Amino acid sequence: MRDIDPGNLIIWFIVLLFSLSFHEAAHAWTSEKFGDDTGRLQGRITLNPIAHIDVFGTILFPIVSALSGIPLLGWAKPVQTNPLLWREKTKANILVSAAGPISNFILATIAFIVIKALLMTGTLYLRGGYYTLVQPLAEQAGFMAPLSVLLSVMLLLNIGLGVFNLIPVPPLDGSHVLEELLPASMAEAYNQVRPYGFMLLYGLMFIGVFGAIFVPVYQFVIFLLQL
């Protein structure tokens, strides 16, 4: 087991809870915009993490992942939708599905802008790493150290969540988007993969596909921060 700074782990877990809550609330909010109020009736259009927690995916799996060195991702309780209530069902399915990853990219963009501004003012410097993507200069106030961890995690975690959920493998959000874009015959064949989605995801993880996706994205983010 690798050494983990308890303070960093707490900050990461808070960011994870907020990010997952924002993700699921975005699904529910977008579904309501197309006529389905299921999410609102179930209390899912909220940033309160209690409404979104899945004991295994939101608490147990992320903590085990953080302590064991597995990529730091988790999931929340999926928002229930009723497609029969949707107007413009194809458009609704695409946008409701994409709303979750888009919400993560919004959070990542906010963190990026704040980090970039602090880098430009000389408050932070670019170091690299997950918790230490940016660090405060020695003369900065004490609160800048945890703030730099929070910004680092908010940026990288939300990029990871957004990119991961766009991968077109069931049950990830990207699979619903792809299914709507495929011709009917191909969509029907693609739907046969759905029962094996988790097995396929684990297989892709073990052969390093996710790393091949995330590393270039991480390098691109570093490149943008250095501009």
For A28, the lone unmet condition from (1) more than 14 Å from W75 (Cβ to Cβ); (2) open to solvent by 50 Å² or more (accessible area, probe 1.4 Å); (3) of a type outside the set (D, E, K, R); (4) within 17 Å of the chain's Cα centre (by Cα) is (2)
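Looking for whichever is surrounded by fewer than 18 Cβ atoms within 10 Å (Cβ to Cβ) and touching a helix residue (DSSP H, G or I) at 6+ places or on another chain (Cβ under 8 Å) here; the options are K91, K116. Which one fits?
Numbers: K91 fails: touching a helix residue (DSSP H, G or I) at 6+ places or on another chain (Cβ under 8 Å).
Just one listed residue meets the conditions, K116.
Name the residue, out of A187, A141, that is small (G, A, S) and either closer than 22 Å to Y125 by Cβ or open to solvent by 50 Å² or more (accessible area, probe 1.4 Å) (or both).
Details: A187 fails: either closer than 22 Å to Y125 by Cβ or open to solvent by 50 Å² or more (accessible area, probe 1.4 Å) (or both).
So the residue among A187, A141 that is small (G, A, S) and either closer than 22 Å to Y125 by Cβ or open to solvent by 50 Å² or more (accessible area, probe 1.4 Å) (or both) is A141.
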Mind listing whichever residues of segment 193-202 are over 20 Å from the mean Cα position of the chain (by Cα) and within 21 Å of I94 (Cβ to Cβ)? V193, R194
Residues in segment 28-46: is at least one modelled with pLDDT under 95 and closer than 21 Å to F105 by Cβ? no
Would you be able to say whether some residue in segment 129-152 is of a type outside the set (F, W, Y), within 21 Å of H52 (Cβ to Cβ) and either modelled with pLDDT of 95 or more or not in a helix (DSSP H, G or I) (or both)? yes
Could you tell me which residue of segment 203-217 is farthest from the chain's Cα centre (by Cα), considering only residues that are modelled with pLDDT of 90 or more and surrounded by fewer than 11 Cβ atoms within 10 Å (Cβ to Cβ)? I207
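Just to be sure, is T109 surrounded by fewer than 19 Cβ atoms within 10 Å (Cβ to Cβ), more than 18 Å from V221 (Cα to Cα) and among the polar types (S, T, N, Q)? Break it down into steps so the answer makes sense when it comes.
Numbers: surrounded by fewer than 19 Cβ atoms within 10 Å (Cβ to Cβ): yes; more than 18 Å from V221 (Cα to Cα): no; among the polar types (S, T, N, Q): yes.
No, not satisfied.
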Within segment 35-47, is even one residue touching a helix residue (DSSP H, G or I) at 6+ places or on another chain (Cβ under 8 Å), in a loop (DSSP other than H, G, I, E, B), open to solvent by less than 20 Å² (accessible area, probe 1.4 Å) and on the phi < 0 side of the Ramachandran plot? yes
Only residues that are polar (S, T, N, Q) and under 9 Å from the mean Cα position of the chain (by Cα): list them for segment 154-179, please. N158, N165
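K77 - would you say it is part of a helix (DSSP H, G or I), in contact (Cβ under 8 Å) with a residue 24 or more places away in the chain and among the basic types (K, R)? Don't jump to the end; show me each part of the working.
Values: part of a helix (DSSP H, G or I): no; in contact (Cβ under 8 Å) with a residue 24 or more places away in the chain: yes; among the basic types (K, R): yes.
No; evaluated as a whole, the condition is false for this residue.
The values are calculated or read from the model by the stated rules, or taken from the named source; none is laboratory data. Just so it is clear, the model here is predicted, and its values are computed rather than measured. So basically every Cβ, Gly included, is an ideal-geometry build from the backbone, and we count neighbours across all protein chains shown. With ligands, DNA and RNA removed, areas are computed over all heavy atoms of the protein, side chains included. Shrake-Rupley method; radii C 1.70, N 1.55, O 1.52, S 1.80 Å.
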